[in-house]
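Derivation of every value follows stated rules applied to the coordinates shown; laboratory data play no part. Keep in mind the model is a prediction, meaning the values are calculated, not measured. Neighbour counts are summed over all protein chains in view; Cβ atoms, including those assigned to glycine, are modelled from backbone coordinates with ideal geometry.
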Amino acid sequence: MAAKKKYKKLTNAEKKVNKEIREELREKGILPPVKPKLNRKKFAEEVREQWEKDGDIFYLIKGLRWMIPSEGSKQKVTPEQIGALKVMKLAMEIKKFEENLKAKGENQYNGMEFYKEIIAPVLEL
C-alpha cells in the first residue's frame, strides 16, 4: 500500500502570485467574479415577511421537489438539500405524532414533549 503523498505548504510569495493570476483571469472574464456572502439572518427575515404576504403551500411543495436530490443522482447531497429533506422529515413526523394523538382520543399535548420527541431528533440528524 503506497503512502499518502505529503504536499508542502505554499509560500507567501507563491500565494501572492496565485492571487494575482486569479485577479487577472477575473478581469479577462475567464473566472467568475467573487460572489458576495449571503447575509443569512437578513435573508431569513426577508423570506419570512414575503411568505406572510405571498406564500402558497402548493408552490412550496413544487419548490421542495426542486431542492431535493433526484432519484439515482450520482451527485453529492448538498447542505441545502439536507435542510429541505429535514423539513420533509419534520412534516412526516408531525403528521405521525398527531395521528397517534387522535388514535388515543387526545387533542392536546405538552409543547416541550412535542419538541423533545419530534423536533429535536430531526434537527440533530
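Before moving on, here are some points about what is shown:
- 51, 66 arranged by Cβ crowding within 10 Å, fewest neighbours leading: 66, 51
- Within straight-line cross-link reach of residue 9, lysines at Cα separation under 24 Å, skipping those fewer than 8 residues along the same chain: 19
- Structure remark: mean-square fluctuation, Gaussian network model of the chain, C-alpha springs under 10 Å; the largest value among 99, 49, 27 belongs to 27.
- The eigenvalues of the Cα gyration tensor, multiplied by 5 and square-rooted, give the chain an equivalent ellipsoid with semi-axes of 45, 23, 16 Å from largest to smallest.
- Those residues of the stretch 62-101 whose amide nitrogen sits under 15 Å from the label point placed on residue 44, 7 Å along Cα→Cβ: 80, 83-84, 87
- Partner aspartates and glutamates for residue 62 [C-alpha distance under 19 Å; skip if fewer than 8 residues away on the same chain]: 52, 54, 71, 80
- A dipole drawn for the chain from +1 and -1 charges on Cβ atoms has a positive end, and of 123, 79, 31 the residue lying farthest that way is 31.
- Each Lys and Arg adds +1 at its Cβ and each Asp and Glu adds -1 at its Cβ; summed about the Cα centre, the chain shows a dipole of about 1180 debye.
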